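Chemist: The structure that follows is given in the form of structure tokens.
The values are calculated or read from the model by the stated rules, or taken from the named source; none is laboratory data. Just so we're clear, the structure is a prediction, and the values are computed from it rather than from any experiment. Neighbour counts are summed over all protein chains in view; Cβ atoms, including those assigned to glycine, are modelled from backbone coordinates with ideal geometry. For accessibility, only protein heavy atoms count, side chains too; no ligands or nucleic acids. Shrake-Rupley method; radii C 1.70, N 1.55, O 1.52, S 1.80 Å.
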Amino acid sequence: MEEEIGTWDSVLLENLSEDSFISNIHQRYKRDYIYTYIGTSVVALNPYHHISEHSLDNVRNYGNKGIFQLPPHIYGLTNLAYQSLKDQSEDQCVLLTGESGAGKTETFKMIVNFLTHIQERSLCSTPSVLRKQSSTSSTSSGVVHSHRRASSSCSGTANFIICKNRVDNPSIGISRRQSPSPGPSQRSRTRADSIERQTRRNIREKIVDFDFSHHKSSENISILNESHAHHLHPAKSCFKHQQTQANACLATPIALKAGGCSSSPKYMTTAYGSGSGCRQCGHSKCIRAQSLEKEEQALRGSNSRLASVHKMHPQRGSCSNLIRQHSTESQPERERDRHSLMGSTQRISLYDAHKISKVLAELPQPPPPTSNISPTPSASSSLHRRHKSPSQRLRECVTCADVFLEAMGNACTLKNNNSSRYGKLFDIEIDFKGDPMGTRITDTTIGERNFHIFYQLLLGADLQLLKSLKLYRNVERYELLRNTTAMEEDRSNFHYTKRSLDVLGLCCDEINSIFRVIAVVLKLGNFIFVPVTNIDGTEGCQVSNVYEVQETAQLLNLEAQVLINCLTRANSSNSSHEDVGSEMDARQAASNRNTLCRTLYSRLFTWLVNKINETLKSNQREKNLALLDFYGFEVLDHNSFEQFAINYSAEKIHQNFVFHVLRSEQELYMREGLEWSRIDYFDNESICELIDKPSYGILSLINESHLSNNEALLLRIQQCCAGHPNFMTSGSNSMCFQIRHFANVVNYSINRFLEKNSDMLPKYISGAFYQSKLSLVQSLFPEGNPRRQATKKPSTLASNIRTQLQTLLAIVKHRRTHYVFCIKPNEGKQPHQFDLALVQHQVRYMSLMPLVHLCRTGHCFHLLHVKFFHRYKLLNSLTWPHFHGGSQVEGIALIIRNLPLPSAEFTIGTKNVFVRSPRTVYELEQFRRLRIGELAVLIQKMFRMYHARKRYQRMRHSQMVISSAWRTWRAREEYRSLKYKRQVKWAIDVIGRYYRQWKIRQFLLTIPLRLPPNTLSPLSTEWPASPVFLADASRLLRSIYHRWKCYIYRNSFDQTARNRMREKVTASIIFKDRKASYARSVGHPFVGDYVRLRHNQQWKKICAETNDQYVVFADIINKIARSSGKFVPILLVLSTSSLLLLDQRTLQIKYRVPASEIYRMSLSPYLDDIAVFHVKASEFGRKKGDFVFQTGHVIEIVTKMFLVIQNATGKPPEIHISTEFEANFGQQTVIFSFKYGGMSDLAQGPPKVTRKGNRMEIIV
């Protein structure tokens, strides 16, 4: 614990003013105490050098203590958010604010480092009894409730309005706030010591690894020793740069001054390299480097042990096989793999890793290896990763994700050596969101640098990797990096950047593709377009350095001519021919090249973000802890669209803080009826409306489609924003406008606003890059797929920024937010220099003084009546477990009166209960925790006593009953069993014999009674069920009964019925399973004379002349005309000797064909009603030919004709059923063709008959 320098919490300052506040943080900053609390918020000053207190030992200390039990630190706030997430089950958010260069990125990395190394120690101790006289809490590990502004429980319902116990004496509240300070009272120390002694009874500590999904923690029981804690302290120089400094440190020790900074003609060190820390990097990087160093040291030991395991167990699982694969490699291959980019991407299951860990645990420590051959670093990393638990693997992925995203998305600016050029929302679910400011790739200012990954790749990659990427070590050879300076730390940082990709689980091909795309961006910047004049006078361009094009095309696996065409010819069809599309001038080609560089890098960054999210995502949904590190406020000499977007983001973040803390909290006090004096603050809501107001905001004006140039945009902005108090013009001839932001007045140059806002890549360039054989490049340009349908117009950058900010603030809105205010102490990035005016300006625009006054005079915590009562009712015996003494408000008052805490600390509002000081909240939680332990012990005791007593009584009673009745029962049961068996056997025999005889008799006598009423029908198959043993007799009786029914049925027929039955049987023989319309005719009897021709007097005269007295069939049918296929109605009469066709009205005979002349009848197998009667080739047949009829009784007429011909000639005629057959029409032969039209039975209509030459088609 630090000595008391200044005041830990600014709320406790005696004479609170802006000067005293700044003086306090200045006094602490001079002693390297850069953190100061404002309630539960943290003010952090950038030290610009390494501070030794940022160690893993501090992570463990702050993870086990409350926020006010240790000196102010970012770890304390992070632990508060983490513990609140677990205890309160409420989403949390840590929001970092501050201008560019204030240390937000480093603070963010420290928070990530804390969350990936925190270990919760749940000490097993006997809970002590609550004492009413105790007024202070123990110093054991616990959870402190968050600040009152973080509470989301500010709405609810209540029936009583009670305001009591307001603080009449301000000294009481101040004393409660001062109690967490470094000098506690003797009474507090006594109580704390007693509780600590009680918790140390069991020395074993339960270490719970941090689980990012908050579902199940992987718990390991281990004992901490001093040797383990010794290795957790950081060194003066980080491992990343220890190798580069080792020789110098051993030869001549150098005394470093506080503001010292090493320099060289080629490499430049950052301001973080001064002081006692690392020369090349900041303190958080050193922490990360130390963790990676420890892992690599562990790898050396694990690799040797794995090698010994392989010698003893050559066939144990996939890991052994992998080790054998590495051991059989040659020495040159090992050296090449040691320096190559791609590591081993093979994985083994958790089961295999568990087996290997068990084998390693059982084996003794092997001697040091004598061979100089060792596994490659990438292979060692891959092997070591397999032996880690899922939670350890997840923590590694989180750290490495931060490493690689920093390399890809951070750059050096004039204000900040490690500026995040993208907004970052880090969620414990886990998620990274945001896109880099792509304009930095092609536009950098003197003194600034491009993204770190470019310099790391050129300086840190080995020669083999650079050769494969066709790159050179010299930074000056690349136009995108011209006039920028590389730093020595870039060389060593590349090792960690490359290793992070392997830890994140990317395969070799993906890692190789990532570096190839980065190399392509560098080489695209070197394309030089030379203007040329064509024969027709138009301007064109050519690429002067064709070798760069060829190398870039090889990296992309793309034809060089396609790459040239898409950059020099507009609307090219992505062909390899040279004269495709219209030529562009050099200026347009250079603009498209820059757009391509920005788009390619931005999409690669987005692809990596999605890949990291996919690696770190959780399958379950629980509560989240989010870290928000967005753009810091930035003012440069030349401010363009990038600074406008960055400052707008900072404006919205600050407006979120003002609304949810300064405004909402005071409005809550007013609604609750508390006595409150309003605290004035600056509200920047009008500035946000100036920028993002619909239709008339600057962002909306930028998106207007009719604006063709920047001058028109400036005029439009001046017209719509004139008169706004926060908008100013820079003069009549100036192409600038000014906005009075919450932090400062910024002058923006309107140049290239529209171009940067709609920085869209032409589709033909996307189509050309989609032809690349590199799968990663194809995925970066999906719109280039020719088979993909055209989507809507891409959104602009202004729309994307507004949409992303709205989404981000919607996420943060419903979470309990903790604020970290990062302050830049000086503009020179020098340690121990405190610019009073600069700090004062930041304190004012961050609204820190209103926040301090709000924390000092307000309440730190509030909770709804219902929630407060249900959470703390167990602290009073009258309210636990059920309260019957009145309303909830009365119960809350009863709880507060019986607490050993000052009643002035509590205020009961209309809907909420307010607590004044954080110390009271902490003690209240400690009382609740101890009470929960007591209740748990009480419940366990009572249950165990009840369970043991009941068990004893049951056992005693059972023993008594068994011992007294066992022998009597056993003898009686044996006698009864023997007697019962004899009686049962005799009864079974008698009953079975009589039952069988009774069943036979009953079955035979009841058969006539159980037959159904319609049983005489031959079709009836019903028969009474019979017993199983009478199955054979039942079948025989059933067969006899069926034959008798058939005999009775046949005897009941007269001659007419027999003839009809004969016709039906004949029809079944002829048409069953051959004609589709047969099934419809089965249920209809054959009538024969459908027109009652037998009773017609005229017919009687005609039949007397032709000797056709008996009519077999008579009906009006359709005769199909031979020439046209039309239907002609006609009366068809079939007698016992001939076939007659008569006029249906006059009954005049048109044709009479003897039955013996018809030798064949043809039909189709379909549902049509067409039949062709074939006449023999006699004189009549040659003259008239065959007849074609259509009738609904085609089955009946063909059946009757069949029988008539059979009776007349003595042999049956031929029945031909086919889809195609021939017919004789006099002097010519016609082929009938039937085609099925696919219509259902319900939609069946008359068939369509068409005549085409000697072919007649019938569509059914």
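Chemist: Would you tally the residues in region 1138-1180 being open to solvent by 10 Å² or more (accessible area, probe 1.4 Å), modelled with pLDDT of 85 or more, over 25 Å from Glu1220 (Cβ atoms) and part of a helix (DSSP H, G or I)?
Modeler: Result for region 1138-1180: 1.
Chemist: State which residue is farthest from Asn751 (Cα to Cα) when the search covers only region 701-716 and only residues that are surrounded by 17 or more Cβ atoms within 10 Å (Cβ to Cβ) and touching a residue at least 24 places away in the same chain (Cβ under 8 Å).
Modeler: Asn703
Chemist: Considering each of Arg1062, Arg972 in turn, give the residue that is basic (Lys, Arg), assigned to a helix (DSSP H, G or I) and touching a residue at least 24 places away in the same chain (Cβ under 8 Å).
Modeler: Sole residue among the options that is basic (Lys, Arg), assigned to a helix (DSSP H, G or I) and touching a residue at least 24 places away in the same chain (Cβ under 8 Å): Arg1062.
Chemist: Now a separate question. Can you name every one of the helices (runs of 4 or more DSSP H) wholly within region 597-698 that holds 3 or more residues which are crowded, with 19+ Cβ neighbours inside 10 Å, touching a residue at least 60 places away in the same chain (Cβ under 8 Å) and touching a strand residue (DSSP E or B) at 6+ places or on another chain (Cβ under 8 Å)? Walk me through it before giving the result.
Modeler: Working: elements: 641-657, 664-671, 685-692.
So the answer is 641-657.
Chemist: If you take the residues of region 979-1015 that are in contact (Cβ under 8 Å) with a residue 24 or more places away in the chain and open to solvent by less than 100 Å² (accessible area, probe 1.4 Å), which of them is nearest to the chain's Cα centre (by Cα)?
Modeler: Keep residues of region 979-1015 that are in contact (Cβ under 8 Å) with a residue 24 or more places away in the chain, which gives 996, 999-1000, 1003, 1007, 1015.
Filter once more, keeping what is open to solvent by less than 100 Å² (accessible area, probe 1.4 Å): 999-1000, 1003, 1007, 1015.
Numbers: Lys999: 72, Ile1000: 74, Phe1003: 72, Ile1007: 73, Thr1015: 70 Å.
The extreme case among them is Thr1015.
Chemist: Right, here's the next one. Answer yes if at least one residue in region 1065-1077 is in a strand (DSSP E or B) and open to solvent by less than 60 Å² (accessible area, probe 1.4 Å), and no otherwise.
Modeler: Residues of region 1065-1077 that are in a strand (DSSP E or B), as a first pass: none.
There is no residue in region 1065-1077 that is in a strand (DSSP E or B) and open to solvent by less than 60 Å² (accessible area, probe 1.4 Å).
Chemist: Where in region 851-966 are the strands (runs of 3 or more DSSP E), entirely inside, with at least 1 residues that are within 24 Å of Ser664 (Cβ to Cβ), of a type in the set (Ser, Thr, Tyr) and open to solvent by less than 70 Å² (accessible area, probe 1.4 Å)?
Modeler: Working: elements: 861-864, 906-908, 912-915.
In region 851-966, 906-908 are the strands (runs of 3 or more DSSP E) which contain 1 or more residues that are within 24 Å of Ser664 (Cβ to Cβ), of a type in the set (Ser, Thr, Tyr) and open to solvent by less than 70 Å² (accessible area, probe 1.4 Å).
Chemist: I'd like to check something: does region 721-731 contain any residue that is modelled with pLDDT of 90 or more, among the aliphatic types (A, V, I, L, M) and farther than 13 Å from Phe644 by Cβ?
Modeler: Taking every residue of region 721-731 in turn, at least one turns out to be modelled with pLDDT of 90 or more, among the aliphatic types (A, V, I, L, M) and farther than 13 Å from Phe644 by Cβ.
Chemist: Report the residue count in region 42-57 for those that are under 23 Å from Thr116 (Cβ atoms) and either crowded, with 24+ Cβ neighbours inside 10 Å or in contact (Cβ under 8 Å) with a residue 60 or more places away in the chain (or both).
Modeler: Narrowing region 42-57 to residues under 23 Å from Thr116 (Cβ atoms): 42, 44, 46-47, 50-57.
Going one step further and asking which of them are either crowded, with 24+ Cβ neighbours inside 10 Å or in contact (Cβ under 8 Å) with a residue 60 or more places away in the chain (or both), we end up with 42, 44, 46-47, 50-52, 54-57.
Qualifying residue count for the region: 11.
Chemist: Let me ask you something else. Hey, among the residues in region 1181-1195 that are in contact with a strand residue (DSSP E or B) (Cβ under 7 Å, 6 or more places away or on another chain) and either closer than 16 Å to Pro1129 by Cα or without any contact (Cβ under 8 Å) to a residue 40 or more places away in the chain (or both), which one's most open to solvent (accessible area, probe 1.4 Å)?
Modeler: Among those that are in contact with a strand residue (DSSP E or B) (Cβ under 7 Å, 6 or more places away or on another chain) and either closer than 16 Å to Pro1129 by Cα or without any contact (Cβ under 8 Å) to a residue 40 or more places away in the chain (or both), it is His1193.
Chemist: Next question. Would you check which residues across region 507-528 are more than 18 Å from Tyr601 (Cβ to Cβ) and not in a helix (DSSP H, G or I) and list them?
Modeler: So in region 507-528, the residues more than 18 Å from Tyr601 (Cβ to Cβ) come out as 507-509, 528.
Answer for region 507-528, where residues must be more than 18 Å from Tyr601 (Cβ to Cβ) and not in a helix (DSSP H, G or I): Cys507, Ile528.
Chemist: Of all the strands (runs of 3 or more DSSP E) wholly in region 1196-1239, which have at least 2 residues that are exposed (fewer than 13 other Cβ atoms within 10 Å of the Cβ)?
Modeler: Working: elements: 1214-1217, 1220-1225, 1228-1235.
In region 1196-1239, 1228-1235 are the strands (runs of 3 or more DSSP E) which contain 2 or more residues that are exposed (fewer than 13 other Cβ atoms within 10 Å of the Cβ).
Chemist: Suppose we filter Asp1115, Asp1108 for residues that are charged (D, E, K, R) and touching a Ser or Thr at 6+ places or on another chain (Cβ under 6 Å); which single one remains? Can you show your working first?
Modeler: Values: Asp1115 fails: touching a Ser or Thr at 6+ places or on another chain (Cβ under 6 Å).
Residue meeting the stated conditions: Asp1108.
Chemist: Please go through region 1007-1053 and give me each residue that is under 27 Å from Tyr995 (Cα atoms) and either of a type in the set (S, T, N, Q) or in contact with an Asp or Glu (Cβ under 6 Å, 6 or more places away or on another chain) (or both), ordered by number.
Modeler: Pro1012, Ser1026, Ser1034, Ser1039
Residue-wise test of (1) β-branched (Val, Ile, Thr); (2) touching a strand residue (DSSP E or B) at 6+ places or on another chain (Cβ under 6 Å); (3) closer than 19 Å to Ile5 by Cα.
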site: Thr36; (1), (2), (3): yes, yes, yes
site: Ala44; (1), (2), (3): no, yes, yes
site: Asn61; (1), (2), (3): no, no, no
site: Leu77; (1), (2), (3): no, yes, no
site: Ala81; (1), (2), (3): no, yes, no
site: Ser89; (1), (2), (3): no, no, no
site: Gly101; (1), (2), (3): no, no, no
site: Met110; (1), (2), (3): no, no, no
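Chemist: Which residue pairs have Cβ atoms under 6 Å apart, sit 6 or more places apart or on different chains, and have a first residue in region 508-524 that is free of Cβ contacts under 8 Å to residues at least 60 places away in the same chain and open to solvent by less than 10 Å² (accessible area, probe 1.4 Å) and a second that is among the acidic types (Asp, Glu) and part of a helix (DSSP H, G or I)?
Modeler: Qualifying pairs under 6 Å: Lys523/Glu548.
Chemist: Consider only pairs whose beta carbons are under 7 Å apart and that are at least six residues apart or on different chains; among these, list those whose first residue lies in region 755-771 and is under 13 Å from Leu600 (Cα atoms) and of a type in the set (A, V, I, L, M, F, W, C) and whose second residue is assigned to a loop (DSSP other than H, G, I, E, B) and open to solvent by less than 10 Å² (accessible area, probe 1.4 Å).
Modeler: The qualifying pairs are Phe769/Phe781.
Chemist: Does Asn574 meet the test of being crowded, with 18+ Cβ neighbours inside 10 Å and modelled with pLDDT under 80? Steps first, please.
Modeler: Working: crowded, with 18+ Cβ neighbours inside 10 Å: yes; modelled with pLDDT under 80: yes.
Yes, satisfied.
Chemist: While we're here: Can you tell me which residue within region 458-487, out of those that are touching a helix residue (DSSP H, G or I) at 6+ places or on another chain (Cβ under 7 Å) and of a type in the set (D, E, K, R), is farthest from Val398 (Cα to Cα)?
Modeler: Arg482
Chemist: Continuing with this model, one more query. Restricting to region 451-499, and then to whatever is hydroxyl-bearing (Ser, Thr, Tyr) and assigned to a helix (DSSP H, G or I), can you tell me which residue is most open to solvent (accessible area, probe 1.4 Å)? Full working, then the answer.
Modeler: Narrowing region 451-499 to residues hydroxyl-bearing (Ser, Thr, Tyr): 455, 468, 472, 478, 484-485, 492, 496-497.
If we keep only those that are assigned to a helix (DSSP H, G or I) as well, we get 455, 468, 492, 496-497.
Numbers: Tyr455: 0, Ser468: 67, Ser492: 19, Tyr496: 15, Thr497: 3 Å².
The residue in question is Ser468.
Chemist: If His724 satisfies all but one of (1) open to solvent by 30 Å² or more (accessible area, probe 1.4 Å); (2) touching a Leu at 6+ places or on another chain (Cβ under 9 Å); (3) within 17 Å of Asp637 (Cα to Cα), what's the number of the condition it fails?
Modeler: Answer for His724: the failing condition is (3).
Chemist: What's the number of the condition Thr413 fails, among (1) outside any helix (DSSP H, G or I); (2) open to solvent by 20 Å² or more (accessible area, probe 1.4 Å); (3) modelled with pLDDT of 70 or more?
Modeler: Going through the list (1) outside any helix (DSSP H, G or I); (2) open to solvent by 20 Å² or more (accessible area, probe 1.4 Å); (3) modelled with pLDDT of 70 or more, Thr413 breaks only (2).
Chemist: Across region 1088-1099, what is the number of residues that are assigned to a loop (DSSP other than H, G, I, E, B) and open to solvent by 80 Å² or more (accessible area, probe 1.4 Å)? Spell out how you get there, then give the answer.
Modeler: Kept after step one, since they are assigned to a loop (DSSP other than H, G, I, E, B), are these residues of region 1088-1099: 1088, 1090-1092, 1096.
Applying the additional criterion that residues be open to solvent by 80 Å² or more (accessible area, probe 1.4 Å) yields 1092.
Looking only at that region, the number is 1.
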